[in-house]
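Novice: Pasting in a structure now, in structure tokens, and then I'll have a few things to ask.
The values are calculated or read from the model by the stated rules, or taken from the named source; none is laboratory data. Just so it is clear, the structure is predicted and the values come from calculations on it, not from any experiment. Counting neighbours? That spans all protein chains shown, and the Cβs are built from the backbone with ideal geometry, glycine included. Side chains are part of the model used for accessible areas, which takes the heavy atoms of the whole protein and leaves out ligands, DNA and RNA. Shrake-Rupley method; radii C 1.70, N 1.55, O 1.52, S 1.80 Å.
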Amino acid sequence: MNARSASTGSDGGKKAWVVAITSGKGGVGKTFVSANLAAGLAKRGHKVLVLDADLGLANLDVVLNLFPKITLHDVFTGKASLDEAVLAAPGGFSVLLAGSGLVEYSRLTPEVRDKFQSVIATLVPRYDYVLLDTGAGISDVVLYAVSLADEVAVVATPEPTSLTDAYATIKVLATQQRRRMLRLVINQVARPGDGKAIAQQLQNVVDRFVSTPGGDPVRLSHLGDIPLDPSVREAVQRRQLLLELLPGSAAAQGVKAIAAKIDTPSDRP
């Protein structure tokens, strides 16, 4: 195991490394990446939690075939404690699921912001990694969730619409949150090397048109690729983790490589 050096809080205690998994557009496999990446990190010996930060349009429960009786909504409304809402997931990690179709969480109110921040603050001393499976796009709820993370991984596919929206997300995160380094995961890659070329193309555009408000350049760190693989569709349809169902598949190997790279503290913002 490549054990990560745990970050520490202001009180000197252990503090989880918080990673936001986000995307410019929906349908690029962001939740699939979040869940399987959590399994990959758990297999490396870490205590991991995935928080479904897609408030209002949550689907992590579907991917994991879980039927929660208590969700983040119940925690926010005081109907249940945070400990009651955290569930064990297949793959050896924990999840905190959000309820779907909750219109009141489609916009960022001071109440939602404060409760969200309180939940994260409570969780980080308990885990090695907390993954935030955010919504897609650049709504205020998504951007606030991302702002709570130590690092951000933007998931994109090779399709032009996905790359255009990924660029828009990168630009907003650089200008509004002063992010000088963002991670990239290219999903559904047809040929080896395509993801690296795509990441370089995005970097070239970012170099020309994007910088932080202080004028700092923005670096895109290519975390890795997940090949276009029929095993993914099979796992999703069966509502199982790919790393559990078909761990030897090409896509599963791609996810494991990404987990290993995240678990390397030398390349951190």
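Novice: Scan region 24-70 residue by residue and report those that are open to solvent by less than 10 Å² (accessible area, probe 1.4 Å) and among the polar types (S, T, N, Q).
Specialist: Listed by number, the residues that qualify are Ser34, Asn36.
Novice: For Val236, which of the numbered conditions (1) in a helix (DSSP H, G or I); (2) under 24 Å from Gly91 (Cβ atoms); (3) open to solvent by 50 Å² or more (accessible area, probe 1.4 Å); (4) at pLDDT 95 or above fails to hold?
Specialist: (4)
Novice: Then there is this: Taking the condition without any contact (Cβ under 8 Å) to a residue 24 or more places away in the chain and of a type in the set (A, V, I, L, M, F, W, C), does Ala199 pass?
Specialist: Criteria met by Ala199.
Novice: Taking region 29-75 only, how many residues are in a loop (DSSP other than H, G, I, E, B) and over 25 Å from Val189 (Cβ atoms)?
Specialist: 13
Novice: Scan (1) open to solvent by less than 30 Å² (accessible area, probe 1.4 Å); (2) touching a residue at least 12 places away in the same chain (Cβ under 8 Å) for the single condition Lys115 breaks and write down its number.
Specialist: Only one criterion in (1) open to solvent by less than 30 Å² (accessible area, probe 1.4 Å); (2) touching a residue at least 12 places away in the same chain (Cβ under 8 Å) is unmet by Lys115, namely (1).
Novice: Is there any pair linking a residue in region 225-251 that is among the hydroxyl-bearing types (Ser, Thr, Tyr) to one that is assigned to a loop (DSSP other than H, G, I, E, B), with Cβ under 7 Å and at least six apart or on different chains, and which?
Specialist: Ser231/Leu246; Ser231/Ser249; Ser249/Asp229
Novice: I'd like to verify a number: residues in region 198-225 that are open to solvent by 50 Å² or more (accessible area, probe 1.4 Å) and either closer than 19 Å to Thr22 by Cα or outside any loop (DSSP other than H, G, I, E, B) (or both), how many?
Specialist: So the count comes out to 8.
Novice: For the structure I just gave you, tell me whether Ala156 is free of Cβ contacts under 8 Å to residues at least 40 places away in the same chain and within 27 Å of Gly40 (Cβ to Cβ).
Specialist: So Ala156 does not fit the description; no.
Novice: Condition first: open to solvent by 60 Å² or more (accessible area, probe 1.4 Å), among the polar types (S, T, N, Q) and under 22 Å from Trp17 (Cβ atoms). Can you find one or more residues in region 71-91 that meet it?
Specialist: no
Novice: Return the pair list, or none, for Cβ contacts closer than 7 Å from residues in region 26-53 that are aliphatic (A, V, I, L, M) to residues that are open to solvent by 20 Å² or more (accessible area, probe 1.4 Å) and at pLDDT below 95, at least 6 apart or on different chains.
Specialist: From region 26-53, the pairs are Ala35/Val63.
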